[in-house]
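The values are calculated or read from the model by the stated rules, or taken from the named source; none is laboratory data. The structure presented is a predicted model; accordingly, all values stated were derived computationally and were not measured. Here the Cβ is made from the backbone with ideal geometry for all residues, glycine too, and neighbour counts use every protein chain on show. All accessible areas refer to the heavy atoms of the entire protein, side chains included, with ligands and DNA or RNA removed. Shrake-Rupley method; radii C 1.70, N 1.55, O 1.52, S 1.80 Å.
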Amino acid sequence: MPAVAPSEFPPPFDPADVIGLPTDAEDERIEVGIAIVGGGPAGLACANKIMQLLEDEPELTEKLGEVPVAVIEKGKVAGAHLLSGANMKPSAMEELFPDLPKEEWPVFQEVTKDAVYLLTSKAALPLKPMPPNFRNHGNYVTSVSKLGRFLSDKAEEAGVYILSETAATKLLVEDRVVKGIRSGDRGRGKEGEELGNFEPGSDVVAKATVLAEGTVGHLTYAAYDYFDMHGADPMRWELGVKEVWEVQKPLDRVIHTMGWPLRKSPRYNEFGGSFIYPMGEDKLCIGLVAGLDYTDATFSVHDALQLLKTHPFIKDLLEGGKRVAWGAKTIPSGGYFAMPKRLAVPGMVVAGDAASMVNVPTLKGVHYAMHAGMYAAEAIVEALKQDSVNFEAYDEKVHNSAIEKDLYRSRNMRQPLSKGLIFGGAMGSAMVATKGAFPGGHWKVEDDAEVPMELGKAGDMYVKPDNELTFAKLDSVFLSGNATRDDAPNHVRIQSKVPREIAQTWVSMCPAQVYEIPDEQLENGAAEVDVHVTASNCVQCGAITAKGGRLTLPEGGDGPLYQET
Ligand SMILES: Cc1cc2nc3c(=O)[nH]c(=O)nc-3n(C[C@H](O)[C@H](O)[C@H](O)COP(=O)(O)OP(=O)(O)OC[C@H]3O[C@@H](n4cnc5c(N)ncnc54)[C@H](O)[C@@H]3O)c2cc1C
Ligand code: SF4
């Protein structure tokens with residue numbers, strides 16, 4: 001069958017629909033000083049930093065009104081939608097809370113030992129010397145959903161309003177100045193009808209708006225179109241699926257693996273690897289990350305993770321243990337060239353994953369997001385003191401910081417890595433050794449959705465769940481704490497009749513079993529098939545946006561309730 005690209009079947013969605021003028025009457029609008037969209041590391045570091053700066057600015061505090069800073073977060077609580085490795089560089093925590101002893105940080109432990117293995121289907125070969133991008137000494141293993149709760153508590157103590165269970169569904173713009181956001185309606189039925197508990201959304205107007213939406217930013221990407229902010233390369237993503245296990249034997253090191261079960265032939269573009277991090281004496285987390293520019297429509301990160309756990313080396317680490325958490329999320333992997341060409345427009349800035357601030361070769365984004373949030377806070381406070389909504393000083397701060405320097409050094413690393421382990425590994429090492437100087441220049445990338453998909457054989461490798469070591473997608477969704485109403489409106493935009501390669505891509509890729517092809521069409525080998533969507537399973541990982549659809553915002557409070565991912 002001919003290969004076909006998901007981008008040929010664009011979703012029924014127009015980004016312009018999520019940007020517009022305020023619609024509530026002026027006296028009905030909710031006024032806040034600074035509106036921060038997203039209670040992740042970027043948004044919450046920004047909120048905390050603003051409150052610290054306002055301590056010395058009574059005049060500005062007065063001007064910002066009764067709610068100086070509001071964080072708008074769609075999860076049930078801050079942290080509910082956060083998932084990460086999360087092996088964190090400590091620089092941002094040290095800067096944000098210089099007087100807080102490390103014993104009080106929400107972390108499991110400092111990394112003192114690490115190892116990298118190349119896996120074949122039976123063996124685990126230690127890589128020595130270890131590739132420098134995997135060195136983690138002095139970093140801290142945390143859970144970003146716990147970190148989110150911690151930062152949110154600190155922000156609340158300082159006077160920030162955390163508006164959880166609230167989705168920012170529209171960016172308010174007047175005369176090309178961002179004026180805040182509109183929150184989503186609540187209590188609509190499957191067809192969009194108003195149910196008994198219906199509550200309309202509200203315009204939340206602000207002197208400054210910070211978009212810290214993380215990966216696959218709904219308002220952010222619409223703003224990139226509207227304000228012509230796109231970077232040199234398209235955004236692209238990896239998908240990570242993570243589990244937390246209670247284990248019998250404590251893990252004494254941070255482990256990364258490369259190779260199996262990802263296939264090494266460049267034909268499949270299966271780039272990625274696993275992380276296994278200790279979480280204190282009795283827990284560890286294990287995750288598999290893979291680039292979404294792969295070509296086999298039957299490839300599934302969730303199922304590849306299940307297969308990985310059957311490897312003798314990994315199985316031994318989990319022996320006698322119990323899976324206690326599961327989740328999935330995308331990571332922006334476009335790096336330096338996918339960063340927007342400017343980070344500030346009048347009234348608004350973008351920080352963190354939303355602005356592609358992730359160093360994929362080192363799998364680090366948490367500290368960049370927090371530093372960016374803090375720079376945004378400084379620039380906004382300085383500008384608002386002068387009654388200005390020009391926050392361009394933020395661009396300058398990021399430009400001169402380690403964020404941009406680190407991402408620039410690794411600017412071309414992701415590209416060769418999808419061309420197979422051997423070529424990619426050799427090029428990657430040369431780039432690390434020369435700090436990005438060799439071969440230099442700008443290696444162009446393709447949009448994930450433009451990669452043609454074929455019906456391959458990855459799916460044949462996967463194991464049947466045994467419910468002890470390996471698990472099905474639906475049981476996993478249950479463990480994520482997902483409690484989306486079955487009768488909620490569908491928030492996933494796709495074309496519902498597509499070639500089989502595209503439908504199969506979505507079915508296999510989605511870690512939450514949202515998509516299904518009807519059995520009879522599977523059996524009769526139809527070239528074009530229907531795609532049925534069970535949107536209530538969605539854990540909002542964002543992968544569908546990478547592969548030809550569009551994740552939009554469900555009702556605030558829907559989705560997973562992550563506790564320690
Ligand atoms: C599998 C995986 C492994 C990783 N491993 C590591 C690691 O080991 N170390 C490391 O440093 N980094 C790692 N990262 C990257 C790191 O997690 C991110 O870079 C970091 O979390 C980015 O922070 P953020 O605040 O920009 O976005 P996020 O953490 O994604 O937070 C964004 C928040 O905004 C909310 N939100 C989004 N849109 C809206 C809206 N419109 N309305 C209301 N709320 C909204 C979301 O619910 C979320 O809570 C990993 C990521 C993944 C997925
Ligand atoms: S439907 Fe939801 S869980 Fe599935 S791929 Fe799309 S965003 Fe991820």
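Excluding same-chain neighbours fewer than eight residues apart, the lysines reachable from Lys49 by a Cα-Cα span under 23 Å are Lys63, Lys74, Lys89, Lys102, Lys146, Lys154, Lys179, Lys207, Lys364, Lys385, Lys397, Lys405. When DSSP beta bridges are restricted to pairs lying wholly in the chain, around 70% turn out antiparallel.
The ellipsoid equivalent to the alpha-carbon distribution of region 211-319 has semi-axes of 32, 19, 10 angstrom, derived from the gyration tensor eigenvalues as √(5λ) and listed largest first. The protection proxy used here, the mean number of other Cβ atoms lying within 10 Å of each residue, ranks peptides 40-50, 475-485 as follows, highest first: 40-50, 475-485. Stokes-Einstein diffusion of region 134-291 at 4 °C, 1.567 mPa s viscosity, Kirkwood radius from Cα pairs, rounded to a whole number: 64 µm²/s.
Just to confirm the filter: which GluC sites (Glu not before Pro) across region 8-112 are DSSP coil and have at most 14 other Cβ within 10 angstrom of their Cβ? Each step should come with its number before you reach the end.
On the way: sites: Glu8, Glu26, Glu28, Glu31, Glu55, Glu59, Glu62, Glu66, Glu73, Glu94, Glu95, Glu103, Glu104, Glu110; in loops: Glu55, Glu66, Glu73.
Sites meeting the loop and neighbour criteria: Glu55, Glu66.
Between Phe313 and Asp228, the modelled labels are 5.1 nm apart [label points 7 Å from Cα along Cα→Cβ].
The residues of the chain expose on average 39 square angstrom of accessible surface per residue, using a 1.4 Å probe on protein heavy atoms. Listed by chain and number, the aspartates and glutamates placed with their C-alpha closer than 15 angstrom to that of Lys264 are Asp293, Asp296; residues fewer than eight positions away on the same chain are left out. Residues within the reach of a label modelled at Lys322 (point 7 angstrom out along Cα to beta-carbon, backbone nitrogen below 13 Å), restricted to region 215-246, are 245-246.
Along each principal axis, taking the top coordinate minus the bottom one, the Cα set of region 483-565 gives 42, 25, 20 Å in descending order.
Semi-axes of the equivalent ellipsoid of region 276-366 are 33, 18, 11 Å, computed as sqrt(5λ) over the eigenvalues of the C-alpha gyration tensor in descending order.
Sort region 362-408 into rounded, prolate or oblate with this rule: let a ≥ b ≥ c be the square roots of the eigenvalues of the Cα gyration tensor; rounded if a/c is under 1.5, and if a/c is not under 1.5, prolate when a/b is larger than b/c, oblate otherwise. All intermediate terms of the calculation are to be shown ahead of the outcome.
Values: a/c = 4.20, a/b = 2.23, b/c = 1.88.
Verdict is prolate for region 362-408.
An oblate overall shape is assigned to region 45-95, the ratio a/c of its alpha-carbon gyration tensor axes (a ≥ b ≥ c) being 1.5 or greater and a/b not exceeding b/c.
Using the crude model of +1 on Lys and Arg Cβ and -1 on Asp and Glu Cβ, and no other charge, please compute the dipole size for region 261-332 relative to its Cα centre, in debye to 20. Mind dumping the intermediate values first?
Working: 9 positive and 8 negative charges, 15 e Å.
Using Cβ point charges on Lys, Arg, Asp and Glu, region 261-332 gives about 80 debye.
Order 175-183, 254-262 from most to least packed using the mean count of other Cβ atoms within 10 Å. Can you show the working numbers first?
On the way: 175-183: 21.3, 254-262: 23.1.
Answer by packing, highest mean first, reads 254-262, 175-183.
Express the Stokes-Einstein translational diffusion coefficient of region 17-134 in µm² s⁻¹, to the nearest whole number, given a Kirkwood radius over alpha-carbon pairs, 20 °C and a viscosity of 1.002 mPa s. It comes out at roughly 114 µm²/s. Between Lys264 and Arg135, the C-beta separation translates, for a Förster distance of 30 Å, into a calculated FRET efficiency of about 0.80. Simple spin-label estimate for Ser121 and Glu66 gives 6.6 nm between the two label positions (7 Å along the Cα-to-Cβ direction from each Cα).
How big is Rg to Rh over region 75-214, alpha-carbon atoms, Rh as the Kirkwood inverse-mean-distance radius? If you can, show how the numbers build up before the last one.
Numbers: Rg = 21.5 Å, Rh = 19.2 Å.
Here the Rg-to-Rh quotient is 1.12.
Counted over the chain with a bin width of 20 Å, the fraction of Cα pairs per bin, in whole percents, is 22, 58, 20, 0. Once the dipole of region 482-562 is set up with Lys and Arg at +1 and Asp and Glu at -1 on Cβ about the Cα centre, which of Pro518, Cys541, Asn482 lies farthest towards its positive end? Projecting each Cα onto the dipole axis, the largest value belongs to Cys541. Measuring how big region 24-68 is from its alpha-carbon positions, Rg and Dmax come out at 12.3, 34 Å. Between Leu455 and Glu523, the contour length at 0.36 nm per residue exceeds the alpha carbon distance by 23.0 nm.
Taking the centroid of alpha carbons for each part, region 308-347 and region 490-539 are 24 Å apart. Remark: the Gln52-Glu110 segment gains 18.2 nm on full extension, using 0.36 nm per residue and subtracting the alpha carbon distance. Using the Cβ-Cβ distance between Lys249 and Glu156 with R0 set to 30 Å, the FRET efficiency from 1/(1 + (r/R0)^6) comes to roughly 0.20. The residues neighbouring Ala393, those whose beta-carbon lies less than 11 Å from its own, together hold a net charge of -4 under the Lys/Arg +1, Asp/Glu -1 convention. Take every DSSP beta bridge whose two residues both sit in region 28-186; close to 65 percent of them are antiparallel.
Once you have the alpha carbon radius of gyration of region 123-162, what is it after dividing by 2.2 N^0.38 Å, with N set to its residue count?
Values: Rg = 18.0 Å, N = 40, 2.2 N^0.38 = 8.9 Å.
Its radius of gyration relative to the 2.2 N^0.38 Å reference: 2.01.
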